[in-house]
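Taking it in order: structure first as structure tokens, then the write-up.
The values are calculated or read from the model by the stated rules, or taken from the named source; none is laboratory data. Predicted model only: the values in this text are computed from it and were never measured. A quick note on method: Cβ atoms are made from the backbone with ideal geometry, for glycine too, and the neighbour counts reach across all protein chains shown.
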Amino acid sequence: MTVRVRFAPSPTGELHVGGARTALFNWLFARKHKGVFILRFEDTDIERNRPELIEPILESLRWLGLLWDEGPYFQSQRLSLYREWAEKLLKEGKAYKCYCTPEELEAKRTAALAAKQKPKYDGRCRSLTAQEEQNFIREGRQPALRIKIPQSGTIVVEDAIRGRVEFDFSELDDFILLRSDGRPTYNFAVVVDDITMGITHVIRADEHLNNTPKQILIYQAFGHPTPIFAHVPMVLAKDRSKLSKRHGATAVFEFRDRGVLPEALVNYLARLGWSYGDQEIFSKDELIANFSLDAVHPSAAIFDEEKLLWLNQHYLKTGDPQRLGELLRPFLVKLNIMSEAEAQVVPSEKLTQIVVLFRERAKTLTELAEPARYLLTDNFSYDPEAVKKFLTPEKIALLKGLAEALASVEPFTAAELEQATRAYLESQGTALKEIAQPCRVALTGRTAGAGLFETMELMGRERVLARMKSVASLLA
RNA sequence: GCUCCCAUCGUCUAGCGGCCCAGGACGCUGGUCUCUCAAGCCGGAAACAGGGGUUCGAAUCCCCUUGGGAGCGCCA
């Protein structure tokens, strides 16, 4: 039997890292078992639904490289199917019409909660007489459809991550399958979908564990075997609460826009709650080869941005410089280093060189793009502290002399520049140590950066000489 | 309130009865290299929530407590 799994977000928010991890686990499981990864939108909530979010969610998945094999399906387009399936249950006496109004139910619910009771439907419409039903219909009430659950017994969930979990029927009630307007509720739509889509493994967030017995009841009502369930732990914020906007970046797009590489996010998310011995770095193929549900840790995990950034730097350091260089272009614009048109025409060789020179100093593409400001444009500023500390009159004079010494260096490469510089400094009775920082400040405006001579080469003769000669004006 | 889940360094985790006075990684920290900052390399501090059992032996099994989380909707 081929494995069929699904990722089923509801379009009520952007794809956040928790959802992305659930998607990733499903995708890995499908790939590992040569199965099918299905995408389905659970969009039966007309109130909270935001159709404009669908494309961004798809784009997030694409960006992560989690491509689906089937779908996306939309529950909102399958409403007649749910009605048909509900009709079966009604005919077989496994479901019944409930004429209670939402107001009546809500009143009972709050009363139960106030009395510190577990709110449960009291089964009032379970055995209405024909007369009672007639009266309700005459009142114009539209019935919802409820499942008729057994009065006693237990439901056992065999969870691939948590093991055996038992629920007593007394905890459950006759929950609603179809709303009075004919739309399915979540639990019902999920089961009908999972049955009709042939889902073999339901891998989803922990918060659904409590829904599982209800869903199993529906499977049983249809006489259909249940899939294998696997409830993955939640992803929490630093303070152990549910991850939300107030914790900073949570959406996949936010990380992308900050310059995080998809392979870094995927690697990080995979290792969050799952492990394979002591290994930290995984390519996608390694993840696929080694992923398994029983190696998923059952407890909730805190999202640690530091570790994500460490992984990002790893992928920055080891990735293909040319590809990374191309990824830099949008950041040149975003950082206001240059216009979009200018960013388009930066030679890709320049970008590649920036990557090679600065990748060990950057944790994100944003940081990696920053040096382009002084390397490729004159649109940068000098750190006043650095100027004050290093650009003394004595050093400025030395820099002027050095500029002359370097004016005719040919070719203008790091090796030649270093040789010429050292020779000049020796002739002046000084050493590189004395001039390196002043020179760096003169060229870049700052005290931290890549190797001095590599920086010069990349910057080009014209800018280097101009900046070395003109630093005196900074003091004025 | 009731039900369910979870519990090893600050964080992610290894550990599935003796290999553990608990290993790796991020972060933190000392040193080293060096034109700066990084990166790299070498070193350090840092945890089995508490209490009962079971056992010759428990981080590992059981129970209780505590703490965290989720659910209890004509939301998903």
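Miscellaneous remarks
- Any hit, the stretch A:83-96, residues being within 12 Å of RNA strand B (Cβ to nearest atom) and either outside the structural domain of A:ASP193 (by TED's automatic domain parsing) or in contact (Cβ under 8 Å) with a residue 60 or more places away in the chain (or both): no
- When the criteria are applied in full, A:LEU406 fails the requirement of being among the aliphatic types (A, V, I, L, M) and under 20 Å from A:GLU349 (Cα atoms).
- Pair list, Cβ < 9 Å and 6+ apart or interchain, from the stretch A:104-124 residues that are free of Cβ contacts under 8 Å to residues at least 24 places away in the same chain to residues that are exposed (fewer than 14 other Cβ atoms within 10 Å of the Cβ) and in a loop (DSSP other than H, G, I, E, B): A:LYS108/A:ASP122; A:ALA111/A:GLN117; A:ALA112/A:LYS118
One line per residue, one yes/no per condition, for (1) near RNA strand B (Cβ under 7 Å from one of its atoms); (2) in contact with a His (Cβ under 9 Å, 6 or more places away or on another chain):
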position	(1), (2)
A:GLY163	yes, no
A:PHE169	no, no
A:LEU172	no, no
A:ASP193	no, no
A:ILE203	no, yes
A:ASP206	yes, yes
A:LEU209	yes, yes
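So that you can scan it fast, the table gives a plain yes or no per residue for (1) in contact with a helix residue (DSSP H, G or I) (Cβ under 7 Å, 6 or more places away or on another chain); (2) among the aliphatic types (A, V, I, L, M):
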residue: A:LEU365; (1), (2): yes, yes
residue: A:ALA372; (1), (2): yes, yes
residue: A:ILE396; (1), (2): yes, yes
residue: A:ALA423; (1), (2): no, yes
residue: A:ALA466; (1), (2): no, yes
residue: A:SER473; (1), (2): no, no
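- In the stretch A:139-158, the residues that are over 11 Å from A:LYS214 (Cα atoms) and near RNA strand B (Cβ under 9 Å from one of its atoms): A:ARG141, A:GLN142, A:PRO143, A:ALA144, A:ARG146
- Residue pairs meeting the criteria (Cβ under 9 Å; at least 6 apart or on separate chains; first within 19 Å of A:TRP27 (Cα to Cα), in the stretch A:46-66; second within 13 Å of RNA strand B (Cβ to nearest atom) and assigned to a helix (DSSP H, G or I)): A:ILE57/A:GLY19; A:SER60/A:GLY19; A:LEU64/A:LEU269
- Restricting A:ALA405, A:ALA436 to those that are over 18 Å from A:SER473 (Cα atoms) and within 50 Å of the chain's Cα centre (by Cα) reduces the list to A:ALA436.
Yes/no per residue for (1) more than 16 Å from RNA strand B (Cβ to nearest atom); (2) under 19 Å from A:ASN187 (Cβ atoms); (3) in the same structural domain as A:PHE255 (by TED's automatic domain parsing):
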residue	(1), (2), (3)
A:THR22	no, yes, yes
A:GLU47	no, yes, yes
A:PRO51	no, no, yes
A:TRP63	yes, no, yes
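- Meets criteria (modelled with pLDDT under 90 and either buried (at least 16 other Cβ atoms within 10 Å of the Cβ) or of a type outside the set (Ser, Thr, Tyr) (or both)) for A:ARG78: no
- Applying the criterion of being small (Gly, Ala, Ser) and out of contact with any Ser or Thr (no Cβ under 9 Å at 6 or more places or on another chain) to the residues of the stretch A:212-241, the residue that is nearest to A:TRP27 (Cα to Cα) is A:ALA230.
- A:LEU328 vs. criteria in a helix (DSSP H, G or I), under 25 Å from the mean Cα position of the chain (by Cα) and farther than 21 Å from A:LEU452 by Cβ: yes
- The stretch A:338-379 holds helices (runs of 4 or more DSSP H) entirely within its bounds, and those carrying 1 or more residues that are within 12 Å of RNA strand B (Cβ to nearest atom) and not assigned by TED's automatic domain parsing to the domain that holds A:ARG440 map to A:348-358, A:365-369.
- For the stretch A:97-138, the set of residues classified as under 19 Å from A:ARG183 (Cβ atoms), more than 7 Å from RNA strand B (Cβ to nearest atom) and polar (S, T, N, Q) is empty.
- For A:LEU316, the conditions (1) away from RNA strand B (no atom under 16 Å from the Cβ); (2) among the hydrophobic types (A, V, I, L, M, F, W, C); (3) buried (at least 17 other Cβ atoms within 10 Å of the Cβ) all hold with the exception of (1).
- Helices (runs of 4 or more DSSP H) wholly inside the stretch A:413-476 that include at least 1 residues being more than 16 Å from RNA strand B (Cβ to nearest atom) and free of Cβ contacts under 8 Å to residues at least 40 places away in the same chain: A:414-427, A:461-470, A:472-475
- Residue in the stretch A:183-197 that is polar (S, T, N, Q), in the same structural domain as A:SER127 (by TED's automatic domain parsing) and surrounded by fewer than 18 Cβ atoms within 10 Å (Cβ to Cβ) present: yes
- Of note, A:GLU132 satisfies the criterion of being farther than 30 Å from A:ALA300 by Cα and either assigned to a helix (DSSP H, G or I) or of a type in the set (D, E, K, R) (or both).
- Selected residue [surrounded by fewer than 19 Cβ atoms within 10 Å (Cβ to Cβ) and either under 30 Å from A:ILE161 (Cα atoms) or not small (Gly, Ala, Ser) (or both)] from A:ARG83, A:ARG31, A:ARG4: A:ARG83
Yes/no per residue for (1) under 25 Å from A:PRO227 (Cα atoms); (2) under 20 Å from the mean Cα position of the chain (by Cα); (3) buried (at least 21 other Cβ atoms within 10 Å of the Cβ):
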| site | (1), (2), (3) |
| --- | --- |
| A:LEU15 | no, yes, yes |
| A:LEU24 | yes, yes, yes |
| A:GLU59 | no, yes, no |
| A:LYS88 | yes, no, no |
| A:THR110 | no, no, no |
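- First in the stretch A:310-326 and within 11 Å of A:LEU368 (Cβ to Cβ), second anywhere and assigned to a helix (DSSP H, G or I) and of a type in the set (Gly, Ala, Ser), Cβ under 9 Å, 6 or more apart: A:ASN312/A:ALA264; A:GLN313/A:ALA264; A:LEU316/A:ALA264; A:GLY325/A:SER348
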